[in-house]
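Participant: Quick one: the structure is below, and I'll ask about it shortly.
What follows draws every value from the coordinates through simple rules; no lab data is involved. Everything numeric here is computed off the predicted structure, so don't read it as measured data. Cβ atoms come from the backbone with ideal geometry, glycine included; neighbour counts cover every protein chain shown.
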Amino acid sequence: KIKSCSPAARTYIHSHPLSFQLLGDRRTMKVSLSLLAIAQTAEAWSASSSRGTFGRPSALSSTVEDAPPASAETYADPSRYLNDHPSNNVPPHIAALVGRGLHTRPDHPIGIVRAKIQEYFATLPHEYVVYDAEDPIVTTTQCFDDLRIPPDHPGRSPSDTYYVNDETLLRTHTSAHQSEHLRSGADCFLCAGDVYRRDEIDSSHYPAFHQLEGVRLFPEEEMAGADGLKGEEWTSSDECATISVDLKNTLEGLMDHL
């Protein structure tokens, strides 16, 4: 499943499987790959909480080594997600799934696919920083407001999202970390992690799955001709076409690599 969105977009769209869309920010290209089908099959393979060390290509820098060692262990503590707050709707069986680090295990199906994706991005001209050890608890601002998801969007509903309290929740997408990285000055990065949604379990849905997304900002001087354009004026501009071609080539290259 591929999705495309941006922190400056006025709407947030999940695309259909194997399709992509470009939204309104003329400087942002984003690709997010959700390993739902693999995660769904692999959940039963990983009942333990042991972790392996994930080998990263030298061309990519990562925040995993910089994170305090205790953080990953803290993530796997169910008591972080279970409390008596009236808004808390995280059941024990979901809390037990958090923090297992399946995407960092070199011998796990999710870790193997993740490594292949990261390997591909290491071959591209731009250096992508890798964020893959971030706290699965995020704020409503990170998860919704910064992405311009409106207050009445169904994704904010307790029927769709696991809330820890009124202001924090289990991230519903790795996009919840996007704005903080952009504010820090990062202009090319990959973000991977486990995400949680209150989906009914069926052949294509599971309440815990993984996403890996990539973000690249285009230089302002390359997009100057589209400054101030909106709607159809923007989508018909040469600058939008430049981003579209780059995104298409990136996705096709990734599919060939996989």
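Participant: Among the DSSP beta bridges whose two residues both lie in region 63-205, what percent are antiparallel, rounded to the nearest 5?
Facilitator: Once the DSSP bridges in region 63-205 are tallied, antiparallel ones form about 60 percent.
Participant: Whole-Hz Karplus ³J(HN,Hα) for region 198-208, in order, using 6.51 cos²θ - 1.76 cosθ + 1.60 and θ = phi - 60°, x for Gly and Pro?
Facilitator: 7, 8, 6, 6, 8, 5, 10, 9, 8, x, 10
Participant: Could you list which residues have their amide H under 5 Å from that of VAL90, counting only those 5 or more apart in sequence or on another chain, with H placed in the peptide plane?
Facilitator: Sorted by chain and number, the residues that satisfy this are TYR163.
Participant: Specify whether the C-alpha gyration tensor of region 76-231 places it in the rounded, prolate or oblate class, a ≥ b ≥ c being the square roots of the eigenvalues: rounded for a/c under 1.5, otherwise prolate if a/b is larger than b/c and oblate if not.
Facilitator: oblate
Participant: Relative to the Cα centre, what is the charge dipole magnitude of region 166-249, using +1 at the beta carbon of each Lys and Arg, -1 at the beta carbon of each Asp and Glu, and rounding to the nearest 20 debye? Please report the intermediate quantities before stating the final value.
Facilitator: Values: 7 positive and 18 negative charges, 69 e Å.
For this selection, approximately 340 debye.
Participant: Now for a different question. Just to be sure I understand: if I project the alpha-carbon convex hull of region 155-258 onto a plane and average over all orientations, what area do I get in nm²?
Facilitator: Directional mean of the projected Cα hull area for region 155-258 stands at 9.5 nm².
Participant: Calculate one ³J(HN,Hα) per residue across region 216-225 by plugging θ = phi - 60° into the Karplus curve 6.51 cos²θ - 1.76 cosθ + 1.60, and present them in order as whole Hz with x for glycine and proline.
Facilitator: Along region 216-225, the couplings run 9, 8, 8, x, 4, 5, 6, 10, 4, x Hz.
Participant: Let me ask something else about it. For region 100-109, just list the computed ³J(HN,Hα) in residue order, Karplus coefficients 6.51, -1.76 and 1.60, θ = phi - 60°, integers in Hz, with x standing in for Gly and Pro.
Facilitator: Residue by residue, region 100-109 yields 7, x, 4, 6, 9, 8, x, 9, 9, x Hz.
Participant: Then there's this: Pop the C-beta distance of HIS126 and ASP152 into the FRET formula with R0 = 41 Å and round what comes out to the nearest 0.05.
Facilitator: Numbers: r = 37 Å, r/R0 = 0.90.
For R0 = 41 Å, the calculated efficiency reads 0.65.
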